[in-house]
Amino acid sequence: MARKAQKRIKHVPQRTCIGCRSVLSKREMIRIVRTPQGITIDPTGRADGRGAYLHNIRSCWEQAVKGPINNALKVELTASDKARLAEFMTTLPEGTPLQDGQTKTDEVEGTAS
Ligand SMILES: [Zn+2]
């Protein structure tokens, strides 16, 4: 592995959508967080607790609640968590996850912790 001179990288926080696994800048994502009260949407992105990020696209949420969300948050969703997420989902636009020329990282194996 040849090393090139370090590139100057603009520091934009990047997060992986747990639904479609695309990597995007944080501002394009919605954070969900595990709190003692359950899984909630974190509009500020700064709530304490283990968090995960999702596109603001319904299809990604539908995908995530099928399983990835449990891994990401190290928790089993309760019925009320699911209901809360489902309710939030209805406010999201349906759409295709790929936008802005982002490269989809389909080949990611395993789960980042
Ligand atoms: Zn996504």
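The numbers here are math on the coordinates, done by the rules we state, and not lab data. The structure displayed is predicted, hence computed values, not measured ones. Positions of Cβ are generated from backbone atoms using ideal geometry, with glycine treated the same way; all protein chains shown enter the neighbour counts.
Which Cα, out of ALA47, LEU77, PHE88, lies furthest along the positive dipole direction of region 14-89 (beta carbon charges, K/R +1, D/E -1)? Result: ALA47, furthest along the dipole toward the positive end.
Determine the sum of side-chain charges near GLY51: Lys and Arg each +1, Asp and Glu each -1, restricted to other residues whose C-beta is under 10 angstrom from that of GLY51.
Values: positive: ARG15, ARG31, ARG34, ARG46, ARG50; negative: ASP42, ASP48.
In short, +3.
I'd like the FRET efficiency for LYS7 and ARG27, computed as 1/(1 + (r/R0)^6) with the beta carbon distance as r and R0 of 22 Å, rounded to 0.05.
Numbers: r = 22 Å, r/R0 = 1.01.
With R0 = 22 Å, the Cβ-Cβ based efficiency is 0.50.
Rounded to the nearest 20 debye, the dipole magnitude of region 14-89 is 220 debye, with +1 charges on Lys and Arg beta carbons, -1 on Asp and Glu beta carbons, and the Cα centre as origin.
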